[in-house]
């Protein structure tokens, strides 16, 4: 019988409110804290997220040492092979982990479970990255929800789980920890950093969140997306803090994570296929012209300042305000008629908080191919969106310096001013009104043909 337990860290890079650590501590066995750089995933996530993950792992390593542990044990390879080797070296009889629900995560864990079980090792889920895991929030008939609002009402009516207390930890010190991946020393990440951001937001930003959350020109959002993605915070911790401050509007936004996680769990093909298959027939633009349009979109050179500010913010910082995400997605799919997968793939490479479910299904929401009842006619006007949510033009001027000479709202419509293009800003690549007409005609014809 084994004498130790492995805690396999994945999207739960913290030591507080950590279900796997709590379960291992409760079992009383010495713990091997393990992180595996999955050889199938690590090369695909992009340099920006690699650096962010590396910084988070260094923070976790420090936290484990402060608790009396040896540090974080790090290995690279195929998870099932690494775990079998670690369990043999440490005489472990249990591997605790946080359950995964993405298509890749589920398949990986099924393989790991089969291999460990065959070797006589228990593979035990003790938590998940969600407040209410996929498959838990159901309709009265026992099926999953397809529309957010009824899901949210049901989700809100459930008992909210409290943060988990982690205690009585003992660590195994027999293994070499290996090498942490190199991290940029300037990258701020980890549980302590995330907890500080949460407290700052709760005390300074949460009260005005409901009225200001759509304003990219103001620092009015939590910026906790990456911390939640990497599991430096659990939603339990975030919701507990927000509820104390009566942050209902913010909690509603957090619910989207659970909703999209649930949809992808039930419809794994939604990662790269239309949820509403009627729109499989949309004739998306292809060829050299479409490729050129895509490149202008990624470079923030569409000629629409609000769109371009968002794309440049993304490339420069690895983050984009949620309101702007919807506007740039609408522009790609409706104005340029390019497939939403192209945008989702670009976001996946650039965003620090890129999440498979949120990313793919968020893009489908805007493209009109997702879970909403009739969203295909929703087309964001990039000029009106800028005028409404960046009323002084400060956001645009921050990321589009070629328009810095235009004051106030003039920055959103440089074509109306004699000196609007004096510093090299490009002219509009499409006429939005005409593009909107064309897109709606195509969507309508596709829908009619499938009825």
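Assorted remarks:
- Taken together, the residues in segment 366-388 that are within 22 Å of residue 426 (Cβ to Cβ) and touching a helix residue (DSSP H, G or I) at 6+ places or on another chain (Cβ under 7 Å) amount to 8.
- Where helices (runs of 4 or more DSSP H) fall entirely within segment 1-119, those with at least 3 residues that are under 29 Å from residue 224 (Cα atoms) are at 19-27, 47-66, 103-118.
- Residues (buried (at least 18 other Cβ atoms within 10 Å of the Cβ) and either free of Cβ contacts under 8 Å to residues at least 24 places away in the same chain or over 31 Å from the mean Cα position of the chain (by Cα) (or both)) located in segment 404-434: 406, 414, 420, 425
- Positions within segment 437-451 being outside any helix (DSSP H, G or I) and out of contact with any helix residue (DSSP H, G or I) (no Cβ under 6 Å at 6 or more places or on another chain), in sequence order: 451
- Residue match in segment 144-159 (condition: assigned by TED's automatic domain parsing to the domain that holds residue 30 and within 25 Å of residue 361 (Cβ to Cβ)): no
- Residue check, residue 353 part of a loop (DSSP other than H, G, I, E, B), under 16 Å from the mean Cα position of the chain (by Cα) and closer than 28 Å to residue 102 by Cα: yes
- For residue 166, the conditions (1) more than 23 Å from the chain's Cα centre (by Cα); (2) at pLDDT below 95 all hold with the exception of (2).
- Exactly one residue among 140, 135, 113, 144 is surrounded by fewer than 18 Cβ atoms within 10 Å (Cβ to Cβ) and over 23 Å from the mean Cα position of the chain (by Cα), and that residue is 140.
- If you go through segment 56-89 and keep only what is buried (at least 22 other Cβ atoms within 10 Å of the Cβ) and within 14 Å of residue 120 (Cα to Cα), you end up with 83, 87.
- Listed by first and then second residue, the pairs linking a residue in segment 141-154 that is without any contact (Cβ under 8 Å) to a residue 24 or more places away in the chain to a residue that is surrounded by fewer than 17 Cβ atoms within 10 Å (Cβ to Cβ), with Cβ atoms under 6 Å apart and 6 or more places separating them unless they lie on different chains, form an empty list.
- Test: residue in segment 180-195 that is exposed (fewer than 15 other Cβ atoms within 10 Å of the Cβ), touching a residue at least 40 places away in the same chain (Cβ under 8 Å) and farther than 27 Å from residue 38 by Cβ: no
- Among all residues of segment 328-349, there is none that is in a loop (DSSP other than H, G, I, E, B) and over 20 Å from residue 296 (Cα atoms).
- When segment 285-324 is filtered for residues that are farther than 20 Å from residue 420 by Cα, part of a loop (DSSP other than H, G, I, E, B) and either assigned by TED's automatic domain parsing to the domain that holds residue 214 or under 26 Å from the mean Cα position of the chain (by Cα) (or both), the ones remaining, listed by number, are 318, 319, 320, 321.
One line per residue, one yes/no per condition, for (1) closer than 21 Å to residue 176 by Cβ; (2) out of contact with any helix residue (DSSP H, G or I) (no Cβ under 7 Å at 6 or more places or on another chain):
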| residue | (1), (2) |
| --- | --- |
| 62 | yes, yes |
| 68 | yes, yes |
| 85 | yes, yes |
| 102 | no, no |
| 107 | no, yes |
| 113 | no, yes |
| 116 | no, no |
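- Residues (surrounded by fewer than 24 Cβ atoms within 10 Å (Cβ to Cβ), closer than 27 Å to residue 411 by Cα and without any contact (Cβ under 8 Å) to a residue 40 or more places away in the chain) located in segment 279-313: 292, 295, 299
- Flag if residue 223 is farther than 20 Å from residue 322 by Cα and not assigned by TED's automatic domain parsing to the domain that holds residue 50: no
- Residue identified as part of a helix (DSSP H, G or I), over 15 Å from residue 309 (Cβ atoms) and not assigned by TED's automatic domain parsing to the domain that holds residue 103 among 434, 385, 398: 434
The values are calculated or read from the model by the stated rules, or taken from the named source; none is laboratory data. As the structure is a computational prediction, the values presented were derived from the model and not from experiment. Every residue, glycine as well, gets a Cβ built from its backbone with ideal geometry; the counts of neighbours run over all protein chains shown.
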